[in-house]
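First comes the structure, then the notes that go with it.
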Amino acid sequence: MKACNPHPAPNAAKHDHDPLQRVSLAMKPLIGIVGPCAAGKSTLIRNLQGHNLRLKHIAQEHSYVPDMWQRLTKPDILIFLDVSFEEANRRRPMPWKEADYRAQQHRLRHARQHADFYLLTDGLTPEEVAARVLDFLQNHHA
């Protein structure tokens, strides 16, 4: 019969099953999160707090320089969250037209082409988005 320690050591990692947790934060890859407005970038970063990841929100959707995401951040891993125009307006009603959305998508094309992981977030809860990103990170970048 296995003994169970009801009082783990105070410095024990919360996510010992995660291979990324065994590496100090300074040695972890920098993970850039990019995508159009209302795709869930900020929510993803909030939901991944506590997972000992180096995350950086990249506001590439506002830059006309195609590779600004590389110039400023130089992420080791780039995650692209996408959202349809209709879903973006449902999540966050904004005073923009579909042409504005298409312009953001155009500004994001370089990042989308270089993304290590692409996820359309339409129809997904924030928790499902976080779970899919964590699954990718654990299975592909452990």
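Subtracting the Cα-Cα distance of D122 and H62 from their residue separation scaled by 0.36 nm leaves 19.5 nm. Seen through its C-alpha gyration tensor, with square-root eigenvalues sorted a ≥ b ≥ c, the range 98-138 comes out oblate because a/c lies at 1.5 or above while a/b is not bigger than b/c.
For R54, nonlocal amide neighbours, meaning residues 5 or more places apart or on other chains whose placed amide H falls under 5 Å from its own, are I31. Think of the range 54-140 as a dipole: +1 on every Lys or Arg Cβ, -1 on every Asp or Glu Cβ, centred on the Cα centre; then among A115, A103, L134, A103 lies furthest on the positive end. Hey, with R₀ at 25 Å, roughly what FRET efficiency would R109 and R46 work out to, going by the Cβ-Cβ distance, to 0.05? E between R109 and R46, to the nearest 0.05, is 0.40. Could you give P(r) for the range 54-140, binned at 10 Å from zero, as whole percent values over all Cα-Cα pairs? In order of increasing distance, the bins hold 15, 46, 35, 4 percent. Fewest neighbouring Cβ atoms within 10 Å first, the residues L72, L137 line up as L72, L137.
Throughout, read-outs are computed from the coordinates displayed, never taken from laboratory work. Given the structure is predicted, the values throughout are model-derived calculations rather than measurements. Every residue, glycine as well, gets a Cβ built from its backbone with ideal geometry; the counts of neighbours run over all protein chains shown.
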